[in-house]
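For reference, the structure is listed below as structure tokens.
Just so it is clear, none of the values below were taken in a lab; they were calculated from the coordinates. Keep in mind the model is a prediction, meaning the values are calculated, not measured. A quick note on method: Cβ atoms are made from the backbone with ideal geometry, for glycine too, and the neighbour counts reach across all protein chains shown.
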Amino acid sequence: MRGKSPDLALRVFGSLLAAMLLGGCAARVVPDAGVETPQSVYLVDHGRHASLVIPHAEGLTRYSFGEWDWYVEGRRGTMAGLSALLWPTASGLGRMDHQAVEASPLPSRVTPEGRQRVYELEAESERVEALRQRLDAYHAAAPAPPAYSDTYGLYFVPYSRDYWAGHQSNLKVVEWLEELGMEVRGSAWLSRWRITPPSDD
């Protein structure tokens, strides 16, 4: 997408928007019915974006993906948002550790930017641990020190894939959920989520 004309970018964005609308503007998350050793994870809906929280023996860790200028540099506004969606721009993987929580599911300090809803999901514990280790290893291997965002309460490192309409924060969370063995149907583009109980069939 780098170097493409604005007209082409707008056509691509229009196609993605149409696909999103045809998909019902919601993502239905179906957890795996065959989980033998369940481990809870939290899908956090912040209204426009989503993040994933993984509890573990030392507490819990929150992960989020986003456009670097928006999340880290704080460059907001309509034009900044359109630029991030229409053209591939630098992205970041956010991460933050928290001590064990006393209240379920998550205290407000874990998500300083706010949230609309928290979904507790179950996945196979081995899959959860494998995802956590992979994301932690990626974060730790970053060539530069993490950049902290006060707004999101996360430390961000550069990510290897650009951010744009076809690879934004909610779609990245979908990738993580699928890596945990869950099925995601429909569009998660607008961070609208529905949880469907798994079938035993």
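Here the label points at residue 75 and residue 179, each 7 Å from Cα along the C-beta direction, are separated by 2.7 nm in the simple model.
Compared with the direct C-alpha span, the chain from residue 125 to residue 161 gains 10.2 nm at full extension, assuming 0.36 nm per residue. Each peptide in 135-145, 41-51 receives the mean, over its residues, of other Cβ atoms within 10 Å, and ordering these scores from highest gives 41-51, 135-145. Cα gyration tensor of segment 98-183, axes a ≥ b ≥ c as square roots of the eigenvalues: rounded (a/c below 1.5), prolate (a/b > b/c) or oblate? Rounded shape, in that the Cα axes give a/c under 1.5.
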